[in-house]
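S.K.: Sharing a structure, written as structure tokens. Questions coming.
The values are calculated or read from the model by the stated rules, or taken from the named source; none is laboratory data. Just so it is clear, the model here is predicted, and its values are computed rather than measured. Note that we place each Cβ from the backbone using ideal geometry, even for glycine, and neighbour counts take in every protein chain shown. Just so you know, the surface numbers come from the protein's heavy atoms only, side chains and all, with ligands and any DNA or RNA stripped out. Shrake-Rupley method; radii C 1.70, N 1.55, O 1.52, S 1.80 Å.
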Amino acid sequence: HFSSFIKSQAKNKSDPYVRVALDKFKICKTTTKEDNLNPVYNEVFEVKVNGRYNSLTFRVWDNDFARPDELLGYAEIPLTKIIATGKFEGDLELGPKPGKKAKGK
């Protein structure tokens, strides 16, 4: 689900998708939800991890056709939380990428 943070970052419409990475290594991408400020993905990705990675990151992007895609939000889960249970299920609270300030409203 999109948080109120994402709605404040997007213009009137957004075509969001999510890129998932282990640290900086991109591993998968969701489908794009056209004209949607509150998408639900319900997509499952299985990822095998080892001790060399620290976190699973989620970057929400707005798919723009006429210009480069815009980063709308960011979330990160330490792998120690996933390794303890073997999985992660739930919603993530999105915010700006660490070290960046939120823009918009």
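S.K.: Student exercise: in the range 46-101, how many lysine pairs 8 or more apart or on different chains have Cα atoms under 26 Å apart?
M.R.: The result is 6.
S.K.: If I histogram all Cα-Cα distances within the range 14-101 using bins 5 Å wide from 0, what percent of pairs lands in each bin?
M.R.: Cα pair-distance distribution for the range 14-101, in percent: 3, 13, 23, 26, 19, 11, 5, 1, 0.
S.K.: Using a 1.4 Å probe and ignoring any ligands, DNA or RNA, find the accessible area of residue 22 and quote it in Å² to the nearest 10.
M.R.: Accessible area of residue 22: about 10 Å².
S.K.: In whole Hz and in residue order, list the ³J(HN,Hα) couplings for the range 28-34 that follow from phi through the Karplus curve 6.51 cos²θ - 1.76 cosθ + 1.60, θ = phi - 60°; x for Gly and Pro.
M.R.: Per residue, the Karplus-derived 3J(HN,Hα) values read 6, 9, 7, 6, 8, 9, 6 Hz.
S.K.: In sequence order, what are the phi-derived ³J(HN,Hα) couplings for the range 59-71 according to the Karplus relation 6.51 cos²θ - 1.76 cosθ + 1.60 with θ = phi - 60°, rounded to whole Hz, with x for glycine and proline?
M.R.: Here the 3J(HN,Hα) series is 10, 9, 10, 9, 6, 10, 7, 8, 8, x, 4, 10, 6 Hz.
S.K.: Using amide H atoms built in the peptide plane, which far-off residues or other-chain residues are under 5 Å from residue 72 H to H?
M.R.: Residues meeting the amide H criterion: 60, 61, 62.
S.K.: Still on this model: Calculate one ³J(HN,Hα) per residue across the range 78-86 by plugging θ = phi - 60° into the Karplus curve 6.51 cos²θ - 1.76 cosθ + 1.60, and present them in order as whole Hz with x for glycine and proline.
M.R.: x, 4, 4, 5, 7, 4, 4, 10, x
S.K.: For a quick protection proxy, order the peptides 37-43, 74-80 by their average other-Cβ count within 10 Å, most packed first.
M.R.: Answer by packing, highest mean first, reads 74-80, 37-43.
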